[in-house]
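The values are calculated or read from the model by the stated rules, or taken from the named source; none is laboratory data. These figures come from a predicted structure and were not determined experimentally. Here Cβ is always computed from backbone atoms with ideal geometry, including for glycine, and neighbour counts include all displayed protein chains. Side chains included, ligands, DNA and RNA excluded: accessible areas come from the protein's heavy atoms. Shrake-Rupley method; radii C 1.70, N 1.55, O 1.52, S 1.80 Å.
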Amino acid sequence: MNIKDYSYIVSVVDHGSFSKAAQSLFLSQPSLSAYIHNLERQLGFLFFEDDKKTLTPEGKLYITYARQIIALDHKMMQELQQLQRLKENKLRVGITSGRSEQYLDALYEHFQQPSSLYELEITVDTSQELIRKALANELDLILINQPQNTKELISWPIFTDQLLLAAYKTNPAVNQAYIVSGDKYRHLPVTALSDCDFIIFPKYRSIRSAFDRLCAKNNFTPKIVQEIPNMRSACKLVSRNFGVTFVFDIPSELEYLSEDCECFYIDSDCLKMPYLIAASAKKTLLREQKNAVTLIRNIIYNIQFSHK
């Protein structure tokens, strides 16, 4: 028995027919049928009942274990690839563009030291793409704000971010701002947002998820005048007084706002978002990679703490 035996019959079951399975496997239907019939002769039982669609009891049992074997084979190959990369001292890390300017210098500075175990490979992309690449085993670790759905990720928090509302100085909401001693920015009550025009990110972005939670918790329907996936563009629209948006307290993002704009804390825990280092939950992290998680967390935490 080899992995092809398992994958061929599973493909027939998943596709519901020999012809579709053959097409997905780049085989002719007669070749696939002959292969399956030969396998049945070797095993001494049929996979399908007479209708060629319903699995026999033996077929059901075989498929159950075949799926597990295929999954184990895939996991084994992933871990072998990880070991190979470790031998090559490579660690693939993804980070969002907004944070890259904050953290890249320090990460490279450490990992380029002679004592470092790794050669760092950095990918800069959107949170959504970084998650996709982590789940596809194209990245070992990713640095992101907590996504809406974390079931497929294992994560380790580094610190808690708080979203800021960015508004033009003449926006009516600004009139309700007040000072809290010791805080970097002035505060706005949630009620100040009820009449705002929002320039906000699409549904799949973590900022949008936090915004939606804020609206749901406070029972108000926001007036969204523009959905836009780019922070720079959103800030430019705010700078022209076309509405308000949400930003992180990151210099590389705040610089997109004009001097006539101001940022505010909103009095709600809905806008607090953990910043994480994460990996695919299906990935088995080796000891060296777990050590890298701790190291990267410490580097970023120290930068964030000194920044604040």
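The figures follow:
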{"read-out": "Checklist (1) under 30 Å from D260 (Cβ atoms); (2) touching a residue at least 40 places away in the same chain (Cβ under 8 Å) applied to N175, failing item", "value": "(2)"}
{"read-out": "T284, sole failed condition from (1) surrounded by fewer than 16 Cβ atoms within 10 Å (Cβ to Cβ); (2) touching a residue at least 24 places away in the same chain (Cβ under 8 Å); (3) more than 29 Å from P157 (Cα to Cα); (4) β-branched (V, I, T)", "value": "(3)"}
{"read-out": "Residue that is closer than 25 Å to Y103 by Cβ, open to solvent by less than 20 Å² (accessible area, probe 1.4 Å) and not in a loop (DSSP other than H, G, I, E, B), where the choices are F264, F246", "value": "F246"}
{"read-out": "Of all residues making up the range 181-210, the number that are farther than 17 Å from F248 by Cα, more than 30 Å from the chain's Cα centre (by Cα) and open to solvent by 50 Å² or more (accessible area, probe 1.4 Å)", "value": "5"}
{"read-out": "Within the range 280-297, tally of residues that are among the charged types (D, E, K, R) and assigned to a helix (DSSP H, G or I)", "value": "4"}
{"read-out": "From the options I300, I277, residue that is at pLDDT 90 or above, assigned to a helix (DSSP H, G or I) and buried (at least 17 other Cβ atoms within 10 Å of the Cβ)", "value": "I300"}
{"read-out": "Test for K20: is it part of a helix (DSSP H, G or I), within 19 Å of T64 (Cα to Cα) and open to solvent by 60 Å² or more (accessible area, probe 1.4 Å)", "value": "no"}
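Residues checked against (1) under 20 Å from the mean Cα position of the chain (by Cα); (2) within 22 Å of C235 (Cβ to Cβ); (3) part of a helix (DSSP H, G or I); (4) touching a residue at least 40 places away in the same chain (Cβ under 8 Å):
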site: R92; (1), (2), (3), (4): yes, no, no, yes
site: Y103; (1), (2), (3), (4): yes, yes, yes, yes
site: Y108; (1), (2), (3), (4): no, no, yes, no
site: P114; (1), (2), (3), (4): no, no, no, no
site: E129; (1), (2), (3), (4): yes, yes, yes, no
site: K133; (1), (2), (3), (4): yes, no, yes, no
site: L139; (1), (2), (3), (4): yes, no, no, yes
site: A166; (1), (2), (3), (4): no, yes, no, yes
